[in-house]
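Beneath this line is the structure, given in structure tokens, with notes to follow.
The values are calculated or read from the model by the stated rules, or taken from the named source; none is laboratory data. None of the values given here were measured: they were computed from a predicted structure. Note that we place each Cβ from the backbone using ideal geometry, even for glycine, and neighbour counts take in every protein chain shown. The protein model used for the area step is the full one, side chains on, heavy atoms only, and it has no ligands, DNA or RNA in it. Shrake-Rupley method; radii C 1.70, N 1.55, O 1.52, S 1.80 Å.
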Amino acid sequence: MRHILSILMENKSGAMSRVVGLFSARNYNIDSLSVAPIEDPTLSRMTIVTNADDDAIEQITKQLNKLVEVIKVSDLNESRYVERELMLVKIRTIGKDRDEILRLSNIYRGHIIDVTEKSYTIELTGASDKLDSFLENIPKGLILETVRTGAAGIGRGERILKI
Amino acid sequence: MQISGAQIIVQSLSAENVEYVFGYPGGAVLEIYDAIYQLHKFEHILTRHEQAAVHAADAYARASGKVGVALVTSGPGATNAITGIATAYSDSIPLVVISGQVGSPLIGTDAFQEIDMVGISRPCVKHNFLVTDINELAVTIKKAFQIAKSGRPGPVVVDVAKDVTQTMAKFSYPQEDVVIRSYQPVLQGHIGQIKKAIQMLSAAKRPLVYFGGGVVLGNATQELRNFVRTLNIPCVSTLMGLGAYSADEREFLGMLGMHGTYEANLAMQKADVVLAIGARFDDRVVSSPEKFLNSPKKIIHIDIDPSSISKRVKADVPIVGDVKNVLTEMLSIWQKQEVSFHAHTLEKWWKTIEEWRVQDCLRLPETDDKELILPQFVIQTLAKITNNEAIVTSDVGQHQMFTAQYYPFKEPRQWLNSGGLGTMGVGLPYAMGAYLAHNRQKDVFCVTGEGSIQMNIQELSTCSQYKLPVKILCLNNGYLGMVRQWQEIYYSNRESQTYFESLPDFVKIAEAYGHVGMRITKASDVEGALREAIALKDRLVFMDFVTDRKQNVFPMVGNGKGLDEMVLPIHMRDNKS
Ligand SMILES: Cc1ncc(C[n+]2csc(CCOP(=O)(O)OP(=O)(O)O)c2C)c(N)n1
């Protein structure tokens, strides 16, 4: 099952590689990862999307907690959460495709952030399945390039991950 | 007053009351070696290989319960140390390894003798640091010791850039523990869980205590003994737990697992409530969790490391905490609430166990040639003449398992070997570290094989330099015996690369290093030779026992088999109950 793990850790060189190294050393896969410092610049928050069964997730969580620089780990799936991912996609747009792609972009609340005679670059945010679905609706062969950040997730309502 | 980074390191180690540093010099640590020379705060033991330095520091920690310290240079010194670090990591041994690193301006340039030590050691340390700022040096060493010895212990590497050792700064060593906000091990067990555990245990018909190295590391031997005695329940030990419960006590059924005793393995398989204490259901203990759980059982699991609980076998009652605290708490509640087992069910359980025990699974095998030396017999004899009280180290192989089976250890920290990683080559450096940990006051015996000893045989030189009169018992079967055993059983006797055709003359090797060598070829000479070696108080004696080439270690639980599916020793094969 797909899990979103949220990790609060020291913002120190090496801390991130410890987390990533733990996944590879124990043969777990990382589907996506995003990390940045938070309002307290001595801390970073990392969101990891991984696919594993509940027992494996329990092990991963415990192993992450064991890392000296990790302060807290939370499996967002345990209750309600929201997630967002950012995607930039460059699409070939010649002739009638220009209108078509623009319409589709509007439906998905995308922003066109760069335009040339032959292409649009569109910025989209959303849960990753929404971004997948956008890509599926673009006619094959028109996608020139995509780049996606990992997911960033946060618990809904009062649920807070803090020291 | 300002002092150099190198001096800060020496002063910091001294502030930690370090008695011995095991190490090997090189360019990146020259400054530190100079500071050691000038300040003379502790004894430095120069090994002949960095691997041995780390093993010796590890043994010092195992034997004394304190933190072991090793010092190595950058690049090849650091990589040579890795096997030692990984060995300590697998057995949760508290260690601080200081490694030199090239100067900060050179880091990342593929400089001469540069290796990314923080990167290369990451998978086998509890934590590691790279120090490039002199102002961080003392506090980092403090943190390293704190992390190494607290919670679940483990090795910590402090990689120090060479320029830091040469820079001057003011020195002050933190008196109190440094607060590390992201590191706070849980020490007290959850009281609700403890009560649940007691309830579960008292309802048991076939209760069993299964303990491991965590009891030794947590210095909880006394608590374990009180608990087991008060409840009058059987207990079994892992390889790492041997000695935590005295082997000559009735409650103790022996080691369990791949080469565990008949009674220990059956008791583990048939128990209905297993209380696991500082043990982790390692694959050498429970090869097949499915088969283990075949017979219905409940599991209570105490461990300081939450990730050890429910990793291989799901616990019904997990208790995270320091074993010493948890056991004390459990016993006091047990006594206060006057809980007890149903007397006759426990009696019945004991009766079954005694029936298993009388089978005597470790009886010496019969031989036609009475003068053939059985490796098991050498260990038995050693136990007899040392009154089960010696400090014994071993390497890895059949001789290690024979020692675990045939030496009835009485006390914790009496038995030193590589349980988790299974590192050949630890035996001699372990003996060196243990001998020093006991202030050169106790006899230390290293049981080894002709294969293992050659992995760090150069340390015979260190032993002559520092006068470490350890006694080496080489059970020389002319084979990588444990490998041969597997080839015999699983590969139809195809002895691929296990036969040693060019073994050296160990007696001459010992003599070449300035020690005493003995070759023993007859069973009737074993005891005399051992006594003679022990009598040579101030000399290292290398005893080359030419043993039966084809002995195997039994009982044996094959890979993927249940604990009740042992291959039994020959004398038990027909009348298997
Ligand atoms: C460094 C290392 N390499 C390889 C092994 C695999 N191994 C385990 S036991 C063994 C044979 C040991 O032979 P020996 O030391 O002669 O002891 P014996 O089994 O004959 O008692 C080997 C090769 C190991 N444990 N460690």
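Output the relative contact order of region B:430-561, whole-number percent, from Cα pairs under 8 angstrom with separation of 6+ residues.
Details: 183 pairs, mean separation 37.2, N = 132.
Once divided by the residue count of region B:430-561, the mean separation gives 28 percent.
What is the dipole size for chain A, taken about its Cα centre, with +1 at each Lys and Arg Cβ and -1 at each Asp and Glu Cβ, in debye to the nearest 20? Don't skip to the end; give the middle numbers.
Details: 23 positive and 24 negative charges, 37 e Å.
Dipole size: approximately 180 debye.
Could you tell me the relative contact order of region B:237-387? Use alpha-carbon pairs under 8 Å, at least six residues apart, and round to a whole percent.
Details: 135 pairs, mean separation 25.4, N = 151.
Computed value for region B:237-387: 17 percent relative contact order.
For region B:463-556, which GluC sites (Glu not before Pro) pass both filters: DSSP loop (anything but H, G, I, E, B) and at most 14 other C-beta atoms within 10 Å?
Details: sites: B:Glu488, B:Glu495, B:Glu501, B:Glu511, B:Glu527, B:Glu532; in loops: B:Glu495, B:Glu501.
Answer in residue order: B:Glu495, B:Glu501.
What's the extension gain from B:Tyr490 to B:Glu371 if we count 0.36 nm per residue and subtract their Cα-Cα distance? Can you show the working numbers first?
Numbers: separation 119, 0.36 × 119 = 42.84 nm, distance 3.01 nm.
Between B:Tyr490 and B:Glu371, full extension yields an extra 39.8 nm.
Can you classify region B:379-421 as rounded, prolate or oblate using the Cα gyration tensor, where a ≥ b ≥ c are the square roots of its eigenvalues, rounded means a/c under 1.5, and otherwise it's prolate if a/b beats b/c and oblate if not? Could the numbers behind the result be given before it?
Working: a/c = 2.45, a/b = 1.43, b/c = 1.71.
Oblate, since a/c reaches 1.5 and b/c is not below a/b.
Counting partner chain Cβ atoms within 10 Å of every residue's Cβ in A:60-67, what's the average? Mind dumping the intermediate values first?
Working: counts 1, 2, 8, 4, 1, 3, 11, 4.
Per residue, the number of nearby Cβ atoms from other chains is 4 on average.
How big is the C-alpha Rg of region B:4-130 next to the rule-of-thumb value 2.2 N^0.38 Å, as a ratio?
On the way: Rg = 13.6 Å, N = 127, 2.2 N^0.38 = 13.9 Å.
Dividing the Cα Rg of region B:4-130 by 2.2 N^0.38 Å gives 0.98.
Pop out the Kirkwood hydrodynamic radius of chain B from its pairwise C-alpha distances, inverse of mean 1/r, in Å to one decimal.
On the way: mean 1/r = 0.0403 Å⁻¹.
Computed over chain B, the radius equals 24.8 Å.
Looking at chain B, send over the antiparallel percent of its DSSP beta bridges, to the nearest 5.
Details: 5 of 70 bridges.
Here the antiparallel bridges make up roughly 5 percent for chain B.
Report, for the protein assembly as shown, the % of DSSP beta bridges that are antiparallel, rounded to 5.
Details: 46 of 111 bridges.
Approximately 40 percent, going by the DSSP bridge assignments.
Per q in 0.19, 0.24, 0.25 Å⁻¹, report the Debye log10 I(q)/I(0) for region B:87-177, using one uniform scatterer on each alpha carbon and no solvent.
For region B:87-177, the Cα-only Debye profile gives -0.88, -1.17, -1.22.
Compute from the Cα atoms of region B:242-382 the Rg and the Dmax, the latter being the longest Cα-Cα distance, and quote both in angstrom.
17.9, 59
Provide B:Lys561, A:Lys96 ordered by accessible surface of protein heavy atoms (probe 1.4 Å), highest first. Write out the running numbers ahead of the final one.
Details: B:Lys561 90, A:Lys96 170 Å².
Highest to lowest solvent-accessible surface, that is A:Lys96, B:Lys561.
When the scattering of region B:197-264 is computed by the Debye formula from its Cα atoms alone, each counted once and equally, what is log10 I(q)/I(0) at q = 0.16, 0.19 Å⁻¹?
-0.51, -0.72
Based only on the alpha carbon positions, what is the Kirkwood hydrodynamic radius of region B:435-522, in angstrom? Show your work: numbers first, answer last.
Details: mean 1/r = 0.0680 Å⁻¹.
Roughly 14.7 Å, rounded to one decimal.
For a protection proxy built on the mean count of beta-carbon atoms within 10 angstrom, sort B:211-223, B:89-101, A:54-66, A:104-116 highest first, please.
On the way: B:211-223: 24.2, B:89-101: 26.2, A:54-66: 17.5, A:104-116: 13.5.
Taking the mean over residues of other Cβ atoms within 10 Å, the ranking is B:89-101, B:211-223, A:54-66, A:104-116.
Just to be sure I understand: if I project the alpha-carbon convex hull of the protein assembly as shown onto a plane and average over all orientations, what area do I get in nm²?
Working: hull surface 155.2 nm².
Computing the convex hull of the Cα atoms and averaging its projections yields 38.8 nm².
Once the whole set of protein chains is in place, how much accessible area is left on A:Lys12, using a 1.4 Å probe, in Å² to the nearest 10?
100
Can you tell me the relative contact order of chain A? Whole percent, Cα pairs under 8 Å, sequence separation 6 or more.
Values: 288 pairs, mean separation 46.8, N = 163.
Contact order relative to length: 29 percent.
What's the FRET efficiency of B:Ile534 with B:Glu501 using the Cβ-Cβ distance as r and R₀ = 30 Å, to the nearest 0.05?
Working: r = 33 Å, r/R0 = 1.10.
After rounding, the FRET efficiency stands at 0.35.
Taking the inverse of the average 1/r across all pairs of different Cα atoms in region A:1-160, what Kirkwood radius in Å do you get?
Working: mean 1/r = 0.0575 Å⁻¹.
Answer for region A:1-160: a Kirkwood hydrodynamic radius of 17.4 Å.
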